[in-house]
1. I need the full set of residues from the stretch 6-26 which are within 17 Å of R53 (Cα to Cα) and not hydrophobic (A, V, I, L, M, F, W, C), in order please.
2. Would you check if L16 is at pLDDT 95 or above, closer than 18 Å to G67 by Cα and more than 16 Å from the chain's Cα centre (by Cα)?
3. I'm trying to understand the selection: among the residues of the stretch 1-26, which are in contact with a strand residue (DSSP E or B) (Cβ under 7 Å, 6 or more places away or on another chain) and assigned to a loop (DSSP other than H, G, I, E, B)?
4. From the set of residues in the stretch 130-184 that are among the polar types (S, T, N, Q) and within 15 Å of the chain's Cα centre (by Cα), which is least open to solvent (accessible area, probe 1.4 Å)?
5. Given the conditions (1) within 23 Å of S86 (Cβ to Cβ); (2) without any contact (Cβ under 8 Å) to a residue 24 or more places away in the chain, which single one is not true for S59?
6. Among helices (runs of 4 or more DSSP H) lying entirely in the stretch 72-184, which contain 2 or more residues that are at pLDDT 90 or above?
7. Any chance the stretch 61-69 includes a residue that's outside any loop (DSSP other than H, G, I, E, B), modelled with pLDDT of 95 or more, buried (at least 18 other Cβ atoms within 10 Å of the Cβ) and touching a helix residue (DSSP H, G or I) at 6+ places or on another chain (Cβ under 8 Å)?
Amino acid sequence: MKTIGKIHITPKEIVLNDRKLEVEGVGAELLKDAYRRYVGDYPKFFKMDALCRLGFVASELLLKDEGDRKEEPRSDRAIIFFNEHSSKAIDEKYAQTIQDKENYFPSPAAFVYTLPNIVTGEIAIRNHYQGETCFYVLEHRDDEIIRKVVEETLVDETINSCFCGWLDSTNSEEFLADLSLIEK
């Protein structure tokens, strides 16, 4: 396995391949600023929950830096993410929309994000990936488990690279992305 790119995002900074990116704001504002400065062409971003926004910004920055953006579909790249909190933040927001028995109004906009693997789907759709996509929820971050799952995925003859790592968000202000692009 060979790492060909990596990104680290916290509520206070973005580090792409060991370079700190210029961004303003903290938390949700940092992600919005990064989107506006470096991406800006996917209006659905503003409808996404915090976990999707984090994964989307991280993937866009890392993939643009890789320079291998292709419009044709590719099935040789897997997306494998891990976290501890699943989609808890949006789950709680959705639960609030169904608690009032008198004014019961489930929010379809919130419901769509109540699975953590929605972020892998968003990235796959945006980049025309047709390979494996997975999102594992662990009791805690375990880099050894992450490494083993990525290695096992790369055993597949049809997979040549993997966009993978830790992507976690407890709310729109608290999050962490430690993602890498790995090749066989």
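1. H8, T10, P11, K12, E13, E24, G25
2. Values: at pLDDT 95 or above: yes; closer than 18 Å to G67 by Cα: yes; more than 16 Å from the chain's Cα centre (by Cα): no.
For L16, the condition - at pLDDT 95 or above, closer than 18 Å to G67 by Cα and more than 16 Å from the chain's Cα centre (by Cα) - is not met.
3. Selection gives M1, T10, P11, E13, N17, L21, V23.
4. S169
5. Just one mismatch for S59, condition (2).
6. Values: elements: 88-97, 108-111, 118-127, 143-155.
Passing ranges, in order: 118-127, 143-155.
7. Yes, some residue in the stretch 61-69 is outside any loop (DSSP other than H, G, I, E, B), modelled with pLDDT of 95 or more, buried (at least 18 other Cβ atoms within 10 Å of the Cβ) and touching a helix residue (DSSP H, G or I) at 6+ places or on another chain (Cβ under 8 Å).
The values are calculated or read from the model by the stated rules, or taken from the named source; none is laboratory data. This is a predicted model, so every value here is computed, not measured. Note: ideal-geometry Cβ built from the backbone for every residue, glycine included; neighbour counts use all protein chains shown. For accessibility, only protein heavy atoms count, side chains too; no ligands or nucleic acids. Shrake-Rupley method; radii C 1.70, N 1.55, O 1.52, S 1.80 Å.
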